[in-house]
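Peer 1: Take this structure, written in structure tokens, and hold onto it; I'll ask about it next.
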Amino acid sequence: MIESLKGSHETVLYHDESSIKLYDNIQYEAYPRHWHTAVEIIMPTEGSYSLEYGGNQVVMQEQEILLICPGALHSIDACKGKRYIFQAEINAVAKLRSTDSLLTMIYPGLLVTPKNSPYTYDRIRQLMLEIVDECHQGDVFYDASVYGKVLEMMVQIRRGQAVKTSLLGANESKQKEYMEKFTEVCNYINDHCTEPLTLDEIAARAGFSKYHFTRLFKQFANTSFYKYLNQKRIEQAERLLINPQLSITEVSLASGFSSLSAFIRMFRLLKGCTPTEYRAMYNL
């Protein structure tokens, strides 16, 4: 399945000027730990499927669905059976404010099963099957239709998370208030991630104590405040590393890190390589 791998970075080779790819995968082969700029969605149709993403080891069963976010390290064991593996570049639609936040909240990925997502699993599975049909038929405008279904799938996944956590058992009115408030918080972090933000500052801005904010943010974003912040800073660093005129130290400071060592450590943790190695992958 992997056609072009340099270090841990896979370049997905699309065909016919498309940015969408579907594998009817039956190969019994292992895929080493890697990442790519595409979103990846996997659904076994025969047999189980063992893989790792973002440090999470899972064994997928038939009809379960895993969405792996762009940039997330993952590996796949050699498994017998059949599965759909779908990949799509998400950069264009990721520019949408809500899509950017959705991807960060889901990062590094999320496994959807009937048990852990009882309210949204059926719709997410239906969307996956519709994506498969669209890719097989390849009718005019199929790519636009597919991207619409991918976006709806991410929204359904996020809504399923919100239903599951129920934001500390708050009533419906309070949950809506929390959802709106923490959406604003995440948008603020997205816009100001290169600044020296602190937990105390953001908690006060949201109108909560640090302790209460920490619990609510974890439930809303499915990650801690500092993990969310560092993910946004590394995304900024990826964009800056494209510019060969900027030194690694300049990229580090411009991405909001207080020290070069902290930047390199976090970059390696999230990307599986150093900033210098990342830059070299693009021959810059």
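Peer 1: Have a look at segment 170-284 and give its Rg and Dmax from the Cα atoms, expressed in angstrom.
Peer 2: Expressed in Å, the Cα Rg and Dmax of segment 170-284 come to 16.3, 53.
Peer 1: Then there is this: Taking every alpha carbon pair in segment 5-165, what does the distance histogram look like in 5 angstrom bins from 0, in percent?
Peer 2: 2, 9, 19, 23, 23, 16, 7, 1, 0
Peer 1: Could you work out how far apart the two model spin labels at D191 and K174 are, taking each label as a point 7 Å from the Cα in the direction of the beta carbon, and quote it in nm?
Peer 2: 2.9
Peer 1: Let me ask you something else. With θ taken as phi - 60° and the coefficients 6.51, -1.76 and 1.60, list the Karplus ³J(HN,Hα) couplings across segment 40-56 in order, rounded to whole Hz; mark glycine and proline as x.
Peer 2: So the J values, rounded to whole Hz, are 10, 10, 10, 9, x, 10, 9, x, 8, 8, 9, 7, 10, 9, x, x, 9.
Peer 1: Highest GNM mean-square fluctuation, the chain, Cα pairs closer than 10 Å: which of E235, E180, E40?
Peer 2: Checking each option, the largest mean-square fluctuation is seen for E180.
Peer 1: Ok, one more. If r is the Cβ-Cβ distance from F141 to H15 and R0 is 22 Å, what FRET efficiency results, to the nearest 0.05?
Peer 2: 0.80
Peer 1: Over the chain, what relative contact order in percent results from Cα pairs under 8 Å that are six or more residues apart?
Peer 2: Once divided by the residue count of the chain, the mean separation gives 15 percent.
Peer 1: Determine which aspartates and glutamates satisfy two conditions relative to K227: a Cα distance under 20 Å, and not lying fewer than 8 residues away in the same chain.
Peer 2: E52, D100, E184, D191, E195, D200, E201, E235, E238
Peer 1: Contour minus end-to-end for Y28 and K80, with contour as 0.36 nm per residue of separation and end-to-end as the Cα-Cα distance?
Peer 2: 18.2 nm
Peer 1: Just to check, using Stokes-Einstein with a Kirkwood Rh over alpha carbon pairs, what's the diffusion coefficient of the chain at 10 °C and 1.306 mPa s in µm²/s?
Peer 2: For these conditions, the coefficient is 80 µm²/s.
Peer 1: Separate question: Report the relative contact order of segment 1-56, percent, no decimals, based on alpha-carbon pairs under 8 angstrom and at least 6 residues apart.
Peer 2: 32
Peer 1: Now for a separate question. Return the lysines within reach of K232: Cα separation strictly under 20 angstrom, same-chain partners fewer than 8 residues apart disregarded; answer none if there are no such residues.
Peer 2: Within reach: K95, K181, K218, K271.
Peer 1: Based on the mean of other beta carbon atoms within 10 Å per residue, what is the order of 4-15, 59-70, most packed first?
Peer 2: 59-70, 4-15
Peer 1: If you build a Gaussian network model of the chain, linking Cα atoms that sit under 10 Å apart, which residue out of D122, D16, D100 swings the most?
Peer 2: With Cα springs under 10 Å in the chain, the top fluctuation among D122, D16, D100 is at D16.
Throughout, read-outs are computed from the coordinates displayed, never taken from laboratory work. Bear in mind that the values here come from a model prediction, so they are computed numbers and not experimental data. Note that each Cβ is placed from the backbone with ideal geometry, even for glycine, and that neighbours are counted across all protein chains shown.
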